[in-house]
Amino acid sequence: MTATQLNDAVFVDVPTHWYNLAAELDEPIPPHLHPGTKELVGPDDLVALFPMGLIAQEVAAEPYIEIPEPVREIYKMWRPSPLLRARKFEEALNTKARIYVKYEGVSPVGSHKTNSAVAQAYYNYVDGVTKLTTETGAGQWGSALAFAGAQFGIDVEVWQVRASYDSKPYRGYLMRTYGATLHPSPSELTASGRAMLAKDPNTTGSLGMAVSEAVEVAAGDPAARYALGSVLNHVVLHQSVIGQEAVEQLAAVEPDGADIVFGCAGGGSNLGGLAFPFLREKIHGRSNPRIIAAEPSACPSITEGEYRYDHGDVAGLTPLLKMHTLGMDFVPDPIHAGGLRYHGMAPALSHTVEQGLVQGVAITQHDAFTAGVQFARAQGIVPAPESTHAIAACAAHVADSDRDEVVVIGLSGHGQLDLPAYAEYLDGKI
Ligand SMILES: *Cc1c(COP(=O)(O)O)cnc(C)c1O
């Protein structure tokens, strides 16, 4: 790759392959288990939900997997995303650290989610699927899949967590603009939704509940399949375009690479996507970065969850995943970082935590917004509420520090559709 530096931004070519860290680790990621039999999940168990291309990626053993040309063509609409030196933020923090931001907010919907949505829509399109169902929290994943569905002519039906559906209507408008159908979750449209409403008619919902509804509808419709925006191995794989670009971009300006990398972790996909290529550099002895997973105190799966097999949803329909989990029926407070309200964590990321390659840190919502506002005033970019967790973790680490270190922050998205949440913070209500 060749790098181009433009003022504070560095650009490289879009990667031709996804990077699969698991293939380079001594210990394999624990496999998924069937929810009924507790045996290993085989391809036959997954065909009702996922296309073959993605099922193969879930257990891929090779370190590099070629990105299909149609997916690369769509990536080129906004990739490579910029790596920006955040000089004004450094000044604001009074630090000697050099802070770089890998900014995924330049995608059409404003977050990293499009990196996997486009790939998933493509493999479903190849299999002749005409409808995709999914869940969404704040609406980032739902709008990413709605965009990707529009690219490949696939209908998209989205269950959005009630708390976000009510408080953040704009991404709902975005999904509908791309042609998707939207329901609040839990809904009366599915058996699992009706069961949850019978238990608690006023529930604010959770990602786990919305997953159950979307999975139920896909499993009952032969023309439909389900798409998951995070957690699974193939999703983390698709996000590796972020970290591969970032490693190359950083190399153009910092020959010794990164000392520490911060990302927010909800289901683990943006952090895994950013961090795993940095861990590749570590495994191959080219640099030795620490990786920090910043999660909300309201949903601290890495720092306070157990590492065990658990379902990805509330109804217990998904395979059992070995992960850090707060329990499948954990319902977090309705914090604004809707994308971080998930009870579990990607098995791939959980595994690297267990291997000592990634450390978790829990951030309060107040500290997250404080850092988000400080960053916005310094750099102009309003970060997604999820991303503010990574910024807060970075700020706590480098503030007033004389250490001459190279820091990378994963800025998973922008927060221009989350301004009501910022307003609440500014009004002193958080
Ligand atoms: C969905 C989302 C997250 C959390 O999901 P991960 O799988 O942990 O990346 C973080 N940031 C943004 C902007 C999101 O949309």
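The values are calculated or read from the model by the stated rules, or taken from the named source; none is laboratory data. Predicted model only: the values in this text are computed from it and were never measured. Counting neighbours? That spans all protein chains shown, and the Cβs are built from the backbone with ideal geometry, glycine included.
Of all strands (runs of 3 or more DSSP E) completely enclosed by segment 226-335, which ones contain at least 2 residues that are more than 16 Å from the ligand (Cβ to nearest atom)?
Hits in segment 226-335: 306-311, 320-325.
Please work out which residue is nearest to the chain's Cα centre (by Cα), limiting yourself to segment 196-207 and to residues that are closer than 16 Å to F330 by Cα and small (G, A, S).
Ranking the qualifying residues of segment 196-207, first place goes to S206.
For segment 124-139, give me the residue count where each residue is modelled with pLDDT of 95 or more and touching a His at 6+ places or on another chain (Cβ under 9 Å).
The number of residues fulfilling the criteria is 0.
Considering each of P347, P383 in turn, give the residue that is under 21 Å from G267 (Cα atoms), in contact with a Phe, Trp or Tyr (Cβ under 8 Å, 6 or more places away or on another chain) and either more than 14 Å from the ligand (Cβ to nearest atom) or not small (G, A, S) (or both).
P383
So which residues in segment 222-259 are more than 27 Å from F50 (Cα to Cα), surrounded by fewer than 22 Cβ atoms within 10 Å (Cβ to Cβ) and either of a type outside the set (A, V, I, L, M, F, W, C) or touching a His at 6+ places or on another chain (Cβ under 9 Å) (or both), if there are any at all?
Answer for segment 222-259, where residues must be more than 27 Å from F50 (Cα to Cα), surrounded by fewer than 22 Cβ atoms within 10 Å (Cβ to Cβ) and either of a type outside the set (A, V, I, L, M, F, W, C) or touching a His at 6+ places or on another chain (Cβ under 9 Å) (or both): E248, E254, P255, D256, G257, D259.
Restricting segment 72-96 to residues that are of a type outside the set (A, V, I, L, M, F, W, C) and either assigned by TED's automatic domain parsing to the domain that holds A180 or not in a loop (DSSP other than H, G, I, E, B) (or both), which is nearest to the ligand (Cβ to nearest atom)?
Y75
Please pick out the residue among E24, E66 that is more than 26 Å from Y307 (Cβ to Cβ) and over 20 Å from the mean Cα position of the chain (by Cα).
From the options E24, E66, the qualifying one is E66.
Looking only at segment 39-65, count how many residues are of a type outside the set (S, T, N, Q) and within 16 Å of Q239 (Cβ to Cβ).
Within segment 39-65, residues that are of a type outside the set (S, T, N, Q) and within 16 Å of Q239 (Cβ to Cβ) number 6.
Yes/no matrix, rows are residues, columns are (1) over 19 Å from V118 (Cα atoms); (2) of a type in the set (D, E, K, R); (3) not assigned by TED's automatic domain parsing to the domain that holds S192:
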position	(1), (2), (3)
V215	yes, no, no
G220	yes, no, no
A224	no, no, no
Q239	no, no, yes
I242	no, no, yes
E248	yes, yes, yes
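Of a type in the set (A, V, I, L, M), at pLDDT 95 or above, more than 12 Å from the ligand (Cβ to nearest atom) and outside any helix (DSSP H, G or I): is that true of V373 in this structure?
Considered against the rule, which asks whether it is of a type in the set (A, V, I, L, M), at pLDDT 95 or above, more than 12 Å from the ligand (Cβ to nearest atom) and outside any helix (DSSP H, G or I), V373 comes out as no.
Looking only at segment 126-151, count every residue that is part of a strand (DSSP E or B) and either touching a Ser or Thr at 6+ places or on another chain (Cβ under 8 Å) or assigned by TED's automatic domain parsing to the domain that holds Y342 (or both) and tell me the total.
Residues flagged as part of a strand (DSSP E or B) and either touching a Ser or Thr at 6+ places or on another chain (Cβ under 8 Å) or assigned by TED's automatic domain parsing to the domain that holds Y342 (or both) within segment 126-151 amount to 2.
If I ask for residues that are under 19 Å from the mean Cα position of the chain (by Cα), polar (S, T, N, Q) and either buried (at least 24 other Cβ atoms within 10 Å of the Cβ) or within 22 Å of P15 (Cα to Cα) (or both), which ones from segment 268-308 would you list?
Passing the criteria: S269, N270, S301.
Which residues, counting only those in segment 97-125, are within 13 Å of the ligand (Cβ to nearest atom), assigned to a helix (DSSP H, G or I) and touching a helix residue (DSSP H, G or I) at 6+ places or on another chain (Cβ under 6 Å)?
T114, N115, S116, A117
For (1) of a type in the set (F, W, Y); (2) closer than 16 Å to P108 by Cβ; (3) not assigned by TED's automatic domain parsing to the domain that holds Q120, each residue gets a yes or a no:
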| site | (1), (2), (3) |
| --- | --- |
| G153 | no, no, no |
| R162 | no, no, no |
| D166 | no, no, no |
| P169 | no, no, no |
| Y173 | yes, yes, no |
| G179 | no, yes, no |
| L182 | no, no, no |
| E188 | no, no, no |
